[in-house]
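Chemist: To start, I am sharing the structure in question, which I have written as structure tokens.
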There are 2 protein chains.
Amino acid sequence: MESILLAAVALFTERGYDATSMEDLVRALGITKSAIYHHVSSKEELLRLATGRALDGLFSVAAAVDLMPGRAIDRLERLVRGSVAVLVAQLPFVILLLRVHGNTAAERDALERRREFDRFTAELVKQAVADGDLRPDIDPVVTARLLFGLVNSVSEWYRPGRGLGSGVTGGDGDLGDAICKLAFDGLRAP
Amino acid sequence: MESILLAAVALFTERGYDATSMEDLVRALGITKSAIYHHVSSKEELLRLATGRALDGLFSVAAAVDLMPGRAIDRLERLVRGSVAVLVAQLPFVILLLRVHGNTAAERDALERRREFDRFTAELVKQAVADGDLRPDIDPVVTARLLFGLVNSVSEWYRPGRGLGSGVTGGDGDLGDAICKLAFDGLRAP
């Protein structure tokens with residue numbers, strides 16, 4: 001089942017979900033169509049399972065953050081670190097999620113959950129601004145978008161096991177660190 | 001010619017460059033094939049023209065920055081602001097550029113120019129770190145990637161004329177401001 005899901009994610013990401021057929025998947029896997037339908041009922045179910053991997057990870061981070069005591073800015077930082085960890089752990093699924101457009105019900109549902117996560121982020125940002133902990137001279141909605149634009153942009157270049165940069169041997173923790181330093185404290189030398 | 005280019009960019013972005021044929025373009029424009037070939041010699045030429053709009057903009061910013069006197073951190077900030085302005089002014093072309101993969105010569109050339117721009121950015125970052133103006137605890141290559149990941153992520157949500165966020169009526173200048181505040185000084189309230 002896992003190999004079917006991974007092959008589907010690779011095809012959906014490369015060619016687009018619309019342009020991929022179950023026949024393409026049969027060819028890529030070299031198994032029979034009935035072997036696939038033994039595990040999943042449709043292409044749409046594969047998209048739900050794949051985007052679910054990324055979204056369930058993000059929502060479990062949000063749920064943990066929601067239970068955290070303390071200031072909104074600390075919870076926001078935790079949300080960012082947790083999201084980077086999900087991105088690193090579920091990279092192919094997150095990349096697919098970020099490319100979903102929304103023509104079918106499964107795509108629209110994934111987009112709606114993404115928006116729900118964005119609203120959760122924007123609320124934390126608003127609260128942290130109200131607490132006086134985040135700068136008030138950037139709109140909270142813009143801040144939330146830039147912050148997660150920054151996190152998601154990592155999917156464009158980060159590949160597990162390759163380290164963080166040319167000659168840099170940092171792990172995922174360092175990536176969360178680098179993003180939080182840039183986003184919360186800025187690049188300017190203290 | 002402009003309408004042919006814009007239609008080509010829309011199709012390349014939506015379906016992918018590989019999956020788009022000159023016949024698709026003929027159909028989208030409702031003109032004859034020979035009318036298109038009167039203006040351009042090939043699909044590849046259209047890709048070169050389209051990615052060139054984005055790349056020429058970015059390289060003219062880099063050239064201006066290169067001539068600027070003063071500290072590397074100030075030139076870097078100018079590069080970021082200028083790149084945001086190019087993104088806003090040439091949005092469909094930048095979106096296409098960011099999706100180019102690299103199977104044909106025109107795509108590979110565009111990718112090579114993108115890498116050249118990235119090297120220019122990374123050099124400025126290194127110089128600003130050496131000047132003691134940027135924090136030394138993030139690798140310069142990672143910093144350059146995160147910085148332009150942040151800038152490019154704007155293409156995911158910014159649409160001209162809609163303002164910056166929900167209820168925010170800022171212009172492009174505000175967008176460059178918001179990005180530079182976040183990236184250089186951080187979101188934490190001063």
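Chemist: Condition check: without any contact (Cβ under 8 Å) to a residue 12 or more places away in the chain and within 25 Å of A:GLU112 (Cβ to Cβ). Does A:ALA72 satisfy that?
Modeler: Values: without any contact (Cβ under 8 Å) to a residue 12 or more places away in the chain: no; within 25 Å of A:GLU112 (Cβ to Cβ): yes.
Answer is no for this residue.
Chemist: Could I ask something else about it? Are there any pairs with C-beta distances below 8 angstrom linking a residue in region B:1-17 that is within 13 Å of B:LYS43 (Cα to Cα) and hydroxyl-bearing (Ser, Thr, Tyr) to a residue that is at pLDDT 90 or above and not in a loop (DSSP other than H, G, I, E, B), with the two at least 6 apart or on different chains, and if so which?
Modeler: From region B:1-17, the pairs are B:TYR17/B:LYS43; B:TYR17/B:LEU47; B:TYR17/B:GLU107.
Chemist: Give the residues of region B:35-94 that are of a type in the set (Ser, Thr, Tyr) and either within 24 Å of A:ARG188 (Cα to Cα) or under 11 Å from the mean Cα position of the chain (by Cα) (or both), sorted by residue number. Steps first, answer last, please.
Modeler: Here is the first cut: in region B:35-94, the ones of a type in the set (Ser, Thr, Tyr) are B:37, B:41-42, B:51, B:60, B:83.
Residues satisfying the conditions are B:THR51, B:SER83.
Chemist: If you take the residues of region A:16-46 that are in a helix (DSSP H, G or I) and among the aliphatic types (A, V, I, L, M), which of them is surrounded by the fewest Cβ atoms within 10 Å (Cβ to Cβ)?
Modeler: Taking the candidates together, the pick is A:ALA35.
Chemist: May I pose another question? Looking at region B:36-44, is at least one residue under 24 Å from B:THR143 (Cβ atoms) and at pLDDT below 95?
Modeler: Looking through region B:36-44, none of the residues is under 24 Å from B:THR143 (Cβ atoms) and at pLDDT below 95.
Chemist: Please count how many residues of region A:147-156 are free of Cβ contacts under 8 Å to residues at least 40 places away in the same chain and either in contact with a helix residue (DSSP H, G or I) (Cβ under 6 Å, 6 or more places away or on another chain) or more than 7 Å from chain B (Cβ to nearest Cβ) (or both). Walk me through it before giving the result.
Modeler: First, pick out the residues of region A:147-156 that are free of Cβ contacts under 8 Å to residues at least 40 places away in the same chain: A:149-150, A:153, A:156.
In the following step, the residues that additionally are either in contact with a helix residue (DSSP H, G or I) (Cβ under 6 Å, 6 or more places away or on another chain) or more than 7 Å from chain B (Cβ to nearest Cβ) (or both) were identified as A:149-150, A:153.
Selection size over region A:147-156: 3.
Chemist: Being in contact with a strand residue (DSSP E or B) (Cβ under 9 Å, 6 or more places away or on another chain), part of a helix (DSSP H, G or I) and either at pLDDT 95 or above or buried (at least 18 other Cβ atoms within 10 Å of the Cβ) (or both) narrows it down to one of B:LEU55, B:LEU11, B:LEU49, B:LEU76, so name that one.
Modeler: Working: B:LEU55 fails: in contact with a strand residue (DSSP E or B) (Cβ under 9 Å, 6 or more places away or on another chain); B:LEU11 fails: in contact with a strand residue (DSSP E or B) (Cβ under 9 Å, 6 or more places away or on another chain); B:LEU49 fails: in contact with a strand residue (DSSP E or B) (Cβ under 9 Å, 6 or more places away or on another chain).
Criteria check complete, one pass: B:LEU76.
Chemist: Give me the residue from region B:157-180 that is at the interface with chain A (Cβ under 7 Å from one of its Cβ atoms) and within 20 Å of the chain's Cα centre (by Cα) and, out of that set, modelled with the lowest pLDDT.
Modeler: Step by step, filter region B:157-180, then rank; the result is B:LEU164.
Chemist: Please go through region A:32-50 and pick out each residue that is without any contact (Cβ under 8 Å) to a residue 24 or more places away in the chain and among the β-branched types (Val, Ile, Thr).
Modeler: Passing the criteria: only A:THR32.
Chemist: Can I ask one more? Report whether or not A:GLN127 is of a type outside the set (Gly, Ala, Ser), on the phi < 0 side of the Ramachandran plot and under 16 Å from the mean Cα position of the chain (by Cα).
Modeler: no
The values are calculated or read from the model by the stated rules, or taken from the named source; none is laboratory data. Here the structure is a predicted model, which is why all the values come from computation and not from measurement. Heads up, the Cβs are rebuilt from the backbone with ideal geometry, glycines too, and the neighbour counts pull from every protein chain shown.
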